[in-house]
Amino acid sequence: MIGSALYFFQEKLLFFPSTLKKNYQYQFQYEFEELFLKTDKNTIINALHFKVESPKGVILYFHGNAGDLSRWGTVAEYFVAQDYDVLIMDYRTYGKSIGKLSEDAIYSDAQYCYDYLLKQYSEDEITVYGRSLGTGIASYVASKNNPKQLILETPYFSILDVAKDRFPILPVKQLLKYQFPTYQFLPKATCPITIIHGTADAVVPYASGEKLSELNIENLNFITVEDAGHNNLIEFEAYHSIINTILK
């Protein structure tokens, strides 16, 4: 029964979207453009494009599995404050975004956003950033394109790897519809890769992210933040130090 519940309700275990009314007005400290991207005939992706006067580049940000852009837009402003443009989208069923949710659909929408940026920026200006759930998506995009760099905050080896840790007695490999195999994408990425993970992460085990550093990828730099959890890396000086270094 538990296995059946995992199979049929896994989207509710993996995705925690909150929704917004279409007329909801975002309010942020920095200037932004609200976008409605029609990625296919039945899908509209809501996104925010923060723009600064003289950007050092642009960050394509893929957020975690909970909330919507009213929250994640504020998170993105951390990078806007460092003089970067930022494009951040809500996944299907999140916020104002609509469409049928699937792993392939998320990848397709992510690539659409990358292509959108290519109309305004050169690839060597694009940094792809993933946080938590978004790390697998960001890794996919980096594997299919040639951005300046890839930054992963609290990443997983794969969703299967995390599920095995959480449900050790269940045949999760046969039950999971979502894989997000970060470990398969990273070796195909040609850009510099920075991974930042806290040792006290209770959501995505540190060991899952650490396994990515064992893939023997020359362009990968794994940064350990001692005692940091899943949602509080920004409270640690080590996080600010590495971000300031790679975004200088």
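Converting phi to 3J(HN,Hα) with the Karplus coefficients 6.51, -1.76 and 1.60 and the offset θ = phi - 60°, segment 212-229 yields 5, 6, 9, 7, 6, 9, 5, 8, 10, 10, 9, 10, 9, 10, 4, 6, 7, x Hz in sequence order, with x at every glycine or proline. For the chain, the direction-averaged projected area of the alpha-carbon convex hull comes to 13.2 nm². Going toward the positive end of the dipole of the chain, with +1 on Lys and Arg Cβ and -1 on Asp and Glu Cβ, which of S54, G209, F236 do you reach last? Ranked along the dipole, the leading option is G209. Tell me the relative contact order for the chain as a rounded percent, counting alpha carbon contacts under 8 Å between residues six or more apart. The normalised contact order for the chain reaches 15 percent. Scanning the chain for GluC sites (Glu not before Pro) lying in DSSP loops with no more than 11 further Cβ atoms inside 10 Å, the longest uninterrupted stretch between such sites is 54-217.
Values quoted throughout were computed directly from the atomic coordinates according to the rules given, and no laboratory measurement underlies them. Please read all numbers here as calculations on a predicted model, not as lab measurements. Glycine also receives a Cβ, built like all others from the backbone with ideal geometry; neighbour counts cover every protein chain displayed.
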